[in-house]
Amino acid sequence: MEQEEKLAWVGLSMVKGIGPARFRALLKHFGSVVAAWSAPASTLEALLPPKVAHAFLQLRSQTNLAALWENWRKRGIAVLTWEDEAYPRRLKMLDHAPPVLYMRGEIMPEDDWAVAVVGTRKITAYGRKVASDVAKLLAESGVTVVSGLARGVDGVAHRTAIQAGGRTIAVLGSGVDVIYPPEHRKLAAEIITNGALLSEYPPGTRPDAANFPPRNRIISGISAAVVIVEAGEKSGALITASFAAEQGRDVFAVPGNIYAAQSRGTNWLIQQGARPLTSPTDVLEALDAALLPQKQEARRTLPANQTEKLLLAALGDKPMHVDDLSAAVGLPVSETTAALTLMELKGMVQSLGGMRYAAVSEPSADYTVSKQ
């Protein structure tokens, strides 16, 4: 992608009042992000609510995007958009995926198999042991550990994954250059060399209480499953569980002492239908981890092509018969079947029998969790 186009993505995503839905609408209307970013003021004022149009025009006139870009480049900050191959695949499939992600570090193909391990900042010895055991097993099994760099469970999950020789991704509620809490700066540096720091907030954004609930949808969005280790009644981890359930992710909750404040949230999740985590291997079984090495190798040697993208888009979240799928994408049945065979090997789709297939990027969840 050309720098001019990337700058337009950045600029448009920075306008207050332009979220994923409005971003898509503008992209559809103008045909390109560059055209939307450079549109005449009169056109923007006719299309957007007055406050949003004002914010757009003010930002465009006062912001030197090229200077920002150069500054970020020098500091090792990359920009990912919906159109970039490195943009997390699972997240990209969600309607509320942020148009732009800022990154320090690197997203690898193997990060497609990721599990979020999150929980309270006020971690107990029990929670520390469980978080460590789960993260260690995941990392040793080739599964990327995702968390939020917070104190408590998050920090344990990140550190353990690195110590086990695995990869880990931290999703921040601030800019990727503003590390919070400050005592995790060394940990953040280690994550950059063993994974990535991600944020939808532009570099320089300070941590704010309002930023953290939205970032939780990204934690669950890039993950195949979410493990809530310990959580109080109003823990942010419950928000992550809520997003995970809405996104169709498997949610695991660690049962705990019924008298412990840190277990009230996880025990409540189990009451609502979350899967109780009785062993770290429970998550691996849900991911069919025995086949992960083969799937990862297949993904590396057989990269996604346009046919696979078309088939995934057509499948969406509903199973389809090969004949219907072929008709939907305009391909011969033989070509569709051949592509589906490779995609099944890569762990992208699953056969349901009777020539019916479904995407596996968003495992089904049979319960919902109300946000706290």
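The values are calculated or read from the model by the stated rules, or taken from the named source; none is laboratory data. Just so it is clear, the model here is predicted, and its values are computed rather than measured. Cβ: placed from backbone, ideal geometry, glycine included. Neighbour counts: every protein chain shown.
Identify the residue in region 74-83 that is surrounded by 18 or more Cβ atoms within 10 Å (Cβ to Cβ) and touching a strand residue (DSSP E or B) at 6+ places or on another chain (Cβ under 8 Å) and, among all such residues, is farthest from ALA224 (Cα to Cα). Step by step, filter region 74-83, then rank; the result is ILE77. Checking each residue in region 89-115 for being more than 13 Å from the chain's Cα centre (by Cα), not aliphatic (A, V, I, L, M) and not in a strand (DSSP E or B) picks out GLU106, PRO109, GLU110.
Note on region 195-206: residues that are part of a loop (DSSP other than H, G, I, E, B) and either crowded, with 16+ Cβ neighbours inside 10 Å or aromatic (Phe, Trp, Tyr) (or both) amount to 5.
Taking (1) surrounded by fewer than 18 Cβ atoms within 10 Å (Cβ to Cβ); (2) under 26 Å from the mean Cα position of the chain (by Cα) in turn, MET14 satisfies each apart from (1). When LEU44, LEU59 are screened for being in a helix (DSSP H, G or I), within 17 Å of PRO203 (Cβ to Cβ) and modelled with pLDDT of 95 or more, only LEU59 passes. The residue pairs whose first member lies in region 95-118 and is closer than 22 Å to VAL153 by Cβ and not assigned by TED's automatic domain parsing to the domain that holds ILE18, whose second member is of a type in the set (Ser, Thr, Tyr) and part of a strand (DSSP E or B), and whose beta carbons are closer than 7 Å, counting only pairs six or more residues apart or on different chains, are ASP111/THR144; TRP113/THR144; ALA114/THR144; ALA116/SER147; VAL117/SER147; VAL118/SER147.
Got at least one residue in region 125-132 being part of a loop (DSSP other than H, G, I, E, B), surrounded by fewer than 18 Cβ atoms within 10 Å (Cβ to Cβ) and not assigned by TED's automatic domain parsing to the domain that holds PRO20? Within region 125-132, not a single residue is part of a loop (DSSP other than H, G, I, E, B), surrounded by fewer than 18 Cβ atoms within 10 Å (Cβ to Cβ) and not assigned by TED's automatic domain parsing to the domain that holds PRO20. Please tell me if ALA86 is surrounded by fewer than 21 Cβ atoms within 10 Å (Cβ to Cβ), in a loop (DSSP other than H, G, I, E, B) and without any contact (Cβ under 8 Å) to a residue 24 or more places away in the chain. In short, yes. Residue check: is ALA39 part of a helix (DSSP H, G or I) and in the same structural domain as SER13 (by TED's automatic domain parsing)? Criteria not met by ALA39. All conditions in (1) over 21 Å from GLU200 (Cβ atoms); (2) assigned to a loop (DSSP other than H, G, I, E, B); (3) touching a helix residue (DSSP H, G or I) at 6+ places or on another chain (Cβ under 8 Å) hold for SER223, with the sole exception of (1). Here ILE258 meets the list (1) without any contact (Cβ under 8 Å) to a residue 40 or more places away in the chain; (2) closer than 23 Å to TYR102 by Cβ almost entirely, failing just condition (2). Mind checking which residues of region 136-163 are part of a helix (DSSP H, G or I) and farther than 20 Å from SER235 by Cα? Once the filter is applied, which keeps residues that are part of a helix (DSSP H, G or I) and farther than 20 Å from SER235 by Cα, region 136-163 yields LYS136, LEU137, LEU138, ALA139, GLU140, ARG159, THR160, ALA161, ILE162, GLN163. Among the residues in region 215-226, are any in the same structural domain as VAL130 (by TED's automatic domain parsing), in contact with a strand residue (DSSP E or B) (Cβ under 9 Å, 6 or more places away or on another chain), in contact (Cβ under 8 Å) with a residue 40 or more places away in the chain and over 16 Å from VAL115 (Cβ atoms)? The answer is yes; a qualifying residue exists.
Among the residues of region 256-278, those that are loosely packed, with under 12 Cβ neighbours inside 10 Å and either hydroxyl-bearing (Ser, Thr, Tyr) or not assigned by TED's automatic domain parsing to the domain that holds VAL130 (or both) comprise TYR259, THR278. Filter region 30-62 for residues that are in contact (Cβ under 8 Å) with a residue 24 or more places away in the chain, surrounded by 15 or more Cβ atoms within 10 Å (Cβ to Cβ) and over 28 Å from the mean Cα position of the chain (by Cα) and give the result. LEU48, ARG60, listed by residue number. Does at least one position in region 184-194 carry a residue that is crowded, with 20+ Cβ neighbours inside 10 Å, farther than 28 Å from VAL360 by Cα and touching a helix residue (DSSP H, G or I) at 6+ places or on another chain (Cβ under 8 Å)? Looking through region 184-194, at least one residue is crowded, with 20+ Cβ neighbours inside 10 Å, farther than 28 Å from VAL360 by Cα and touching a helix residue (DSSP H, G or I) at 6+ places or on another chain (Cβ under 8 Å). Within region 163-186, no residue that is not assigned by TED's automatic domain parsing to the domain that holds ALA131 and among the hydrophobic types (A, V, I, L, M, F, W, C) sits with its Cβ atom under 6 Å from a residue that is buried (at least 24 other Cβ atoms within 10 Å of the Cβ) and in a helix (DSSP H, G or I) at 6+ positions apart or across chains. Taken over region 230-268, the criterion of being in a helix (DSSP H, G or I), within 19 Å of SER147 (Cα to Cα) and among the aliphatic types (A, V, I, L, M) is satisfied by ALA237, LEU238, ILE239, ALA241, ALA244, ALA245.
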